[in-house]
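J.: There's a structure below that I have some questions on.
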Amino acid sequence: MSNNVILARMGEVTLKGLNRGNFESKLKNNLKYRLKNFGKLNIYQSQSRIWIEPVEGEENPYFKNEETATEILNAVVQVFGIVSASLARKFEGGIDEIRQNAVEYMKEYLKIYPDHHTFKVESKRGNKHFPMTSPEISNEIGGYLLENFDCLKVDVNKPDFIFNVEVRDYCYVYAGKIMGHRGLPVGTAGKGMLLLSGGIDSPVAGYMMASRGMMLEAVYFHSFPYTSDRAKDKVVDLAKIVSRFSGRMKLHVVNFTQIQLDMYKNSRQDMLTVTMRRVMLQIAEKLALQNGCGCLITGESLGQVASQTLEAIQFTNEVVDLPIFRPLIGLDKEATCEISRKIGAFETSILPYEDCCTVFVAKHPKTHPNRDDIIEAEQNLDIAKMVEDGLNGIETIII
Amino acid sequence: MIYFDNSATTKPLDEVVKLVSEDLQNDELWGNPGSLHELGTSAYKAYIKAKEDIASCFSIREQELVFTSCATESANTAINGFLKRNRRNGRTIISTKTEHRATLSVLEKLSDEGFNVIYLNVGPDGKPDLEQLESSIDGDTSLLCFTHVNNETGAILPLKEIIDIRNSKNRNTAIYIDFVQSAGKLKIDLRELGIELASFSAHKFHGLKGSGLLYIKNGVRIDPFILGGGQQNGMRSGTESLYLSRSTALALKLSQTDIDEHIKTVSEINSYLRSELVKRKATILSPEDALPYVLNVSFEGFESETMLHCLERYNIYVSTISACSSKTKKISYVLEAMGVDRKLATNAVRLSFSRFNTMDEAKTFIEKIDEIYQLFALR
């Protein structure tokens, strides 16, 4: 018998009051959705833990070997609301069975972590009918592991790993844990419309809002032939990466070419970026309302580029009524890159197809626009029609 | 579809496809040419025949020809292999900055290993400075590495002059020439030229990808790059591929028929496009005397990739060399070395033709350029 159960620990969810049940059932549903490709699984909760195991009496090939079981484990820790998770061995019996399973578990464990040598045992005894106390179990199993593995040494202060024994209705042994992404279960905080560009920032912004329980939809403004179709493919790839955390997502691709051309021809060069963002936000807001989103999400970070100065943000903010969440506003680029790497988006984000439409960016954009600049830039534009055209030319992709 | 990207690759000829599919189903041609039984022997004979056919196109002997997986492998084998084997010949290599990456990468590595690499200046016509060559060749010059026809501009190498200079300065200096863009388009007589090493690629003359050629002049010794069972006189181990060698031979043979007619047709297309394009805010970056199969053009107001995607809308396929991204604009290193203005280089697009392109296609191309200017030009 190999490792046959995953134990996942909940974090912030357990601090909730009367509506804790809602959060927990959402979390279980999200886990079910995330693990839908891993065969039939029984996902249930006991105290502040969630247990994931094959449905009784059904074969689940993914739990048959360590490698595929670890794949499930890695998927579990990507679900917001999970603080950490461990692959464990569940069995019935007394101290003899615990000994035997502890040794078998360690054999597998040491294959994956050959450089782990020092350990200590921690035991929990939920089943008070069990004839030994927790410290007695720890002593017994610790000694037994030392007898069986020459490479192991006990270190109660700074061990390489902790070996856990739990005695409940069943017995469990496990060691080590993979850290999760914490946060709140997606679906407990409404839905937001993410402006996804293909760069580094916006996928991170989506990830961060999803970590607060927000469901996502995304909108991307495509300007073929000024941006290539590969750039669009890249945005689709990024949406897929974000959706690993946020769950199923719709990506709306707005055909932006003509709008951008009109803007280029009839607006002030140095105001192009701000004007463009004002139009984008209006299209995004309408799209958000049509799709039941209560906010817009952008990857803006204060001062990063010309359109992200305080003045520019003021003037782009004012064209919409929905709140705009900018989770990266106070982060520097390096901090954003770090999160991007953590969620596995960085390598895709830095592919070179982004923004080949640099032709639309002025050499010296206005970094501190005022009201007069805005009025002048838009006096020859039919903004309402642009927004309408944008909404009429949308391709929706289910991610 | 209008395919003006033949320097990238060409469409395999119908005859080639037919031959390959027949060969793959032929019960007598799937043996290992190295096997001693009848099946192997018949494969070996067909294989040698293919080699002979190719060799005769270049006026060389079958033994001087090596099949490789691509021209990049040929370049690596030729340059590395020659210098490593002939260390006493000298430690200096002379080349230019406008070579293909397959050559430049090898030279960069050799330079790291202590070889002395001299890059000749290149003029606006894409030709290396011959006076500089003459003054640079000395007793330590082991190898000259040049490209016969530049893949980005079509600039033709003054090969005869270079050989003369070598002959007068140091006869021990070997010459490696990359013929990838000229094979099948110009007649190449390696015997008469008297160079030592050369590379070719089948998919540039309507053969298949995965088939390169390396010429090693009789008597020239090089270290092989791929070791193993000692096939091809030990120069390139690995089981010989019959369908690749035979299809390459066929493609090359068919390219030689009416080779002069073809260059005439392509010249007409090229001249027409040159004359029409200059009327339309375009600057021709290819030299006047370039091989007509390649035409490098810079379109005012369109970055390279934008123009590529505009043309793509009409199923017209061309190539960009400069890669553009929001942060750094990289321009073609070939155009940079030729001293082409940065702005022009940013907007450079390469049209490259084959003998199957037509004047009608060229006319449609011009019509579409007009349409693109109307729809997408930025002031």
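The values are calculated or read from the model by the stated rules, or taken from the named source; none is laboratory data. Here the structure is a predicted model, which means the values were calculated and not measured. Counting neighbours? That spans all protein chains shown, and the Cβs are built from the backbone with ideal geometry, glycine included. Ligands, DNA and RNA are excluded from the accessible area calculation, which covers all protein heavy atoms including side chains. Shrake-Rupley method; radii C 1.70, N 1.55, O 1.52, S 1.80 Å.
J.: For residues that are part of a helix (DSSP H, G or I) and either among the polar types (S, T, N, Q) or modelled with pLDDT of 95 or more (or both), scanning just the range A:61-74, find the one that is surrounded by the fewest Cβ atoms within 10 Å (Cβ to Cβ).
T.: Per the criteria, the residue is A:Asn74.
J.: Count, please, the residues in the range B:189-209 that happen to be in a loop (DSSP other than H, G, I, E, B) and within 24 Å of B:Phe4 (Cβ to Cβ).
T.: Selection size over the range B:189-209: 4.
J.: Quick one: in the range A:318-352, which of the residues that are without any contact (Cβ under 8 Å) to a residue 12 or more places away in the chain and assigned to a helix (DSSP H, G or I) is least open to solvent (accessible area, probe 1.4 Å)?
T.: Step one: list which residues in the range A:318-352 are without any contact (Cβ under 8 Å) to a residue 12 or more places away in the chain, which gives A:318, A:334-335, A:338, A:341-342, A:347, A:352.
Keeping just the survivors that are assigned to a helix (DSSP H, G or I) gives A:334-335, A:338, A:341-342, A:347.
Values: A:Glu334: 101, A:Ala335: 31, A:Glu338: 124, A:Arg341: 124, A:Lys342: 122, A:Glu347: 129 Å².
Ranking the candidates gives A:Ala335 first.
J.: Of the residues A:Leu281, A:Leu272, which single one is buried (at least 17 other Cβ atoms within 10 Å of the Cβ) and within 14 Å of another protein chain (Cβ to nearest Cβ)?
T.: That would be A:Leu272, the only listed residue that is buried (at least 17 other Cβ atoms within 10 Å of the Cβ) and within 14 Å of another protein chain (Cβ to nearest Cβ).
J.: I need the full set of residues from the range A:10-37 which are surrounded by 18 or more Cβ atoms within 10 Å (Cβ to Cβ) and touching a Ser or Thr at 6+ places or on another chain (Cβ under 8 Å), in order please.
T.: A:Met10, A:Phe23, A:Lys26
J.: Still on this structure, I have one more. Could you tell me whether any residue of the range A:332-340 is more than 30 Å from A:Ala75 (Cβ to Cβ), within 14 Å of chain B (Cβ to nearest Cβ) and at pLDDT below 95?
T.: Filtering the range A:332-340 down to residues more than 30 Å from A:Ala75 (Cβ to Cβ) leaves A:332.
Narrowing further to those that are within 14 Å of chain B (Cβ to nearest Cβ): none.
No: the range A:332-340 contains no residue that is more than 30 Å from A:Ala75 (Cβ to Cβ), within 14 Å of chain B (Cβ to nearest Cβ) and at pLDDT below 95.
J.: Now, a different point. Of all residues in the range B:351-379, count the ones that are outside any helix (DSSP H, G or I) and away from chain A (no Cβ under 14 Å).
T.: Filtering the range B:351-379 down to residues outside any helix (DSSP H, G or I) leaves B:351-358, B:377-379.
Still in the list and also away from chain A (no Cβ under 14 Å): B:351-358.
Looking only at that region, the number is 8.
J.: For B:Ile79, are the conditions met, namely being touching a residue at least 12 places away in the same chain (Cβ under 8 Å), within 30 Å of B:Lys363 (Cα to Cα) and aliphatic (A, V, I, L, M)? Step through it out loud before you land on a result.
T.: On the way: touching a residue at least 12 places away in the same chain (Cβ under 8 Å): yes; within 30 Å of B:Lys363 (Cα to Cα): no; aliphatic (A, V, I, L, M): yes.
Answer is no for this residue.
J.: Residues that are outside the structural domain of B:Asn357 (by TED's automatic domain parsing) and touching an Asp or Glu at 6+ places or on another chain (Cβ under 8 Å): list the helices (runs of 4 or more DSSP H) wholly contained in the range B:8-106 that include at least 2 such residues. Let's see the steps before the verdict.
T.: On the way: elements: B:14-25, B:38-57, B:71-85.
Filter on the range B:8-106 gives B:38-57, B:71-85.
J.: Do we find a residue being small (Gly, Ala, Ser), within 14 Å of chain A (Cβ to nearest Cβ), open to solvent by less than 40 Å² (accessible area, probe 1.4 Å) and within 27 Å of B:Asn121 (Cα to Cα) anywhere in the range B:319-341?
T.: yes
J.: Taking the range A:246-269, which residues are of a type outside the set (Gly, Ala, Ser), open to solvent by 10 Å² or more (accessible area, probe 1.4 Å) and within 17 Å of the chain's Cα centre (by Cα)?
T.: Of everything in the range A:246-269, those that are of a type outside the set (Gly, Ala, Ser), open to solvent by 10 Å² or more (accessible area, probe 1.4 Å) and within 17 Å of the chain's Cα centre (by Cα) turn out to be A:Arg248, A:Lys250.
J.: Tally the residues that are acidic (Asp, Glu) and either in contact with an Asp or Glu (Cβ under 7 Å, 6 or more places away or on another chain) or in a loop (DSSP other than H, G, I, E, B) (or both), restricting the search to the range B:137-172. Quick ask: steps written out before the conclusion?
T.: Our first condition is that a residue be acidic (Asp, Glu); within the range B:137-172, this holds for B:138, B:140, B:152, B:161, B:164.
Restricting the remaining residues to those that are either in contact with an Asp or Glu (Cβ under 7 Å, 6 or more places away or on another chain) or in a loop (DSSP other than H, G, I, E, B) (or both) gives B:138, B:140, B:152.
Residues that pass the stated criteria total 3.
J.: Right, another one. Run A:Ala362 past the list (1) in a loop (DSSP other than H, G, I, E, B); (2) more than 20 Å from the chain's Cα centre (by Cα); (3) small (Gly, Ala, Ser); (4) more than 14 Å from chain B (Cβ to nearest Cβ) and report the number of the one that doesn't hold.
T.: Only one criterion is unmet by A:Ala362, namely (4).
Here's the yes/no breakdown for (1) more than 14 Å from the chain's Cα centre (by Cα); (2) within 30 Å of A:His116 (Cβ to Cβ); (3) in a loop (DSSP other than H, G, I, E, B):
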site	(1), (2), (3)
A:His181	no, yes, yes
A:Thr188	yes, no, yes
A:Met193	yes, no, no
A:Pro203	no, no, no
A:Met209	no, no, no
A:Ala218	yes, no, no
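J.: Let me ask another. Assuming A:Asn380 fulfils every condition listed in (1) over 30 Å from the mean Cα position of the chain (by Cα); (2) assigned to a helix (DSSP H, G or I) apart from one, which condition is it?
T.: For A:Asn380, the exception is condition (2).
J.: Here are some conditions: (1) within 24 Å of the chain's Cα centre (by Cα); (2) open to solvent by less than 50 Å² (accessible area, probe 1.4 Å); (3) within 30 Å of B:Gly114 (Cβ to Cβ). B:Asn86 meets all but one. Which one does it not meet?
T.: Going through (1) within 24 Å of the chain's Cα centre (by Cα); (2) open to solvent by less than 50 Å² (accessible area, probe 1.4 Å); (3) within 30 Å of B:Gly114 (Cβ to Cβ) one by one, B:Asn86 breaks only (1).
J.: Does B:Leu214 count as in the same structural domain as B:Leu83 (by TED's automatic domain parsing), in a helix (DSSP H, G or I) and out of contact with any Lys or Arg (no Cβ under 6 Å at 6 or more places or on another chain)?
T.: no
J.: Is it fair to say A:Tyr44 is among the aromatic types (Phe, Trp, Tyr) and open to solvent by 70 Å² or more (accessible area, probe 1.4 Å)?
T.: no
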